[in-house]
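Report on the following structure.
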């Protein structure tokens, strides 16, 4: 999974969003708030972390240059504390339980196996970076990031649960991020 290279600065191409407005509404945004958020500039910078397979994600304010948040996505289970509310988990402060792994992703770029010169059943480039996020409430989210056509695709699946942890519904969205021309 070391072949996945998210390194650099990425900007969301809002014209290529699929289902994002509906997904934000499912996270308790009004229709107007969801439409505004889905069309807003969203810039991320990814850099490799110190641990094998870890990525440091910096997200930016609406101006695209002022850092808003920095988070290290480590492989395995970990917790993230947050303050002041979250699109996924609502108002207030809390801890998210996170689980990050590399998983087979057939929709990712299908590049040949460069080591053997033959097309592999699942080449290294057909791997995605997935994070399951949950809190002790009625929601969880699975975020899958992978490369497709040189772009980074971010698929988010909101899982709405009943009090007995039965899946009531899933809301899926897709965002496409384009790497900055300077590769930074």
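Can you list residue pairs whose Cβ atoms sit under 8 Å apart, with the first residue in the stretch 51-76 being on the phi > 0 side of the Ramachandran plot and without any contact (Cβ under 8 Å) to a residue 40 or more places away in the chain and the second being outside any loop (DSSP other than H, G, I, E, B) and surrounded by 11 or more Cβ atoms within 10 Å (Cβ to Cβ)? Count only pairs 6 or more apart in sequence or on different chains.
76/99; 76/100; 76/101
Which of the numbered conditions does residue 84 fail, given that it passes all the others? Conditions: (1) assigned to a loop (DSSP other than H, G, I, E, B); (2) modelled with pLDDT under 90; (3) touching a strand residue (DSSP E or B) at 6+ places or on another chain (Cβ under 9 Å).
Only one criterion in (1) assigned to a loop (DSSP other than H, G, I, E, B); (2) modelled with pLDDT under 90; (3) touching a strand residue (DSSP E or B) at 6+ places or on another chain (Cβ under 9 Å) is unmet by residue 84, namely (3).
Scan the stretch 50-79 for residues that are surrounded by 15 or more Cβ atoms within 10 Å (Cβ to Cβ) and outside any strand (DSSP E or B) and jot them down.
Passing the criteria: 53, 54, 74, 75.
Go through the stretch 140-166 and count every residue that is modelled with pLDDT under 90 and in a strand (DSSP E or B).
Within the stretch 140-166, the first condition is being modelled with pLDDT under 90, and the residues that meet it are 140, 160-166.
Now narrow it down to the ones that are in a strand (DSSP E or B): 140, 160-161.
Of the residues in the stretch 140-166, 3 are modelled with pLDDT under 90 and in a strand (DSSP E or B).
Output the residues belonging to the stretch 18-34 that are under 19 Å from the mean Cα position of the chain (by Cα) and either at pLDDT 95 or above or assigned to a helix (DSSP H, G or I) (or both).
Result: 18, 19, 20, 21, 22, 23, 24, 25, 26, 34.
Taking only the stretch 16-32 into account, find how many residues are more than 16 Å from residue 170 (Cβ to Cβ) and either surrounded by 15 or more Cβ atoms within 10 Å (Cβ to Cβ) or in contact with a strand residue (DSSP E or B) (Cβ under 9 Å, 6 or more places away or on another chain) (or both).
Taking the stretch 16-32 as the starting set, the residues that turn out to be more than 16 Å from residue 170 (Cβ to Cβ) are 16-17, 21, 28-32.
Restricting the remaining residues to those that are either surrounded by 15 or more Cβ atoms within 10 Å (Cβ to Cβ) or in contact with a strand residue (DSSP E or B) (Cβ under 9 Å, 6 or more places away or on another chain) (or both) gives 16-17, 21, 28-29.
Summing the residues that are more than 16 Å from residue 170 (Cβ to Cβ) and either surrounded by 15 or more Cβ atoms within 10 Å (Cβ to Cβ) or in contact with a strand residue (DSSP E or B) (Cβ under 9 Å, 6 or more places away or on another chain) (or both) in the stretch 16-32 gives 5.
The values are calculated or read from the model by the stated rules, or taken from the named source; none is laboratory data. This one's a predicted model, so the numbers in the text were calculated from it and none came from an experiment. Neighbour counts are summed over all protein chains in view; Cβ atoms, including those assigned to glycine, are modelled from backbone coordinates with ideal geometry.
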